[in-house]
Amino acid sequence: MSLQWVDNVKKSVEQGREIEDATKEFKGVLLHELTHALQHDGYGSTPSWFTESIADWIRLRNGLGPRHWKKAGEGDVHKGYETGYDVGAWFLDYLVGEGVVGGVDYTPSQQQYPSNGNQPTSTQPQSPMPTQYNAPPANHTSPYPKPRPNKPRPRPPIPELIRMMDARLEYERWDERWWEQMAGAPIEVLWREYLDYYS
């Protein structure tokens, strides 16, 4: 992590930036970088756009995307997914769909309690609690202004796509054919469908 970036965030708060906004960005960057420590890269064969997209997708799914990110459905028509980061994160989010991914429920409004359904007590282990943020001010620009369109998708979401790819990358080298095998079409076709979905 760049100390210059940390200093810039600190200075932005000193100059009037909301502390909640800066904290959210800081947590998002930390989560992004920690994701790299845990993900597999196929012995160095995975394209950097994909590893960066996964790290930002994890950030997105945890509600830590900053205001300056591209919006869902934005990106260059020709291989725009190779931009990675936020553009790739939104693309992966489209492919995966909503809800439970890898056993984790990404529905932000649901409180998670132990498997017996009871609220935790002081003798029960507690799940980590998500950070609660104050409601944004009236002039706040959400990084998620586009709801998912209410129109049919050409193929269903693949909730376990990222988990399956990462599992293969632990023991195998990257292979572009995985898109067809796991998502049903070459990546260029999937990208066009994604752009069309949000157009």
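Each reported figure results from applying straightforward, stated rules to the coordinates on display, with no laboratory input. None of the values given here were measured: they were computed from a predicted structure. Reconstructed Cβ throughout: ideal geometry from the backbone, glycine too, with neighbour counts over all protein chains shown.
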Loop-located trypsin sites (Lys or Arg not before Pro) in the range 30-83 whose Cβ has at most 14 other Cβ within 10 Å (DSSP): Arg67, Lys79
Highest first, please rank the peptides 24-35, 4-15 by the mean number of other Cβ atoms sitting within 10 Å of their residues. 24-35, 4-15
Excluding Leu169 itself, what net charge comes from residues whose Cβ is under 10 Å from its Cβ, given Lys and Arg +1 and Asp and Glu -1? -3
Quarter of Cα convex hull surface for the range 6-50, i.e. mean projection, nm²: 4.0 nm²
Using the Cα atoms of the range 1-88, I'd like the radius of gyration and the largest Cα-Cα distance, Dmax, both in angstrom. 14.4, 44
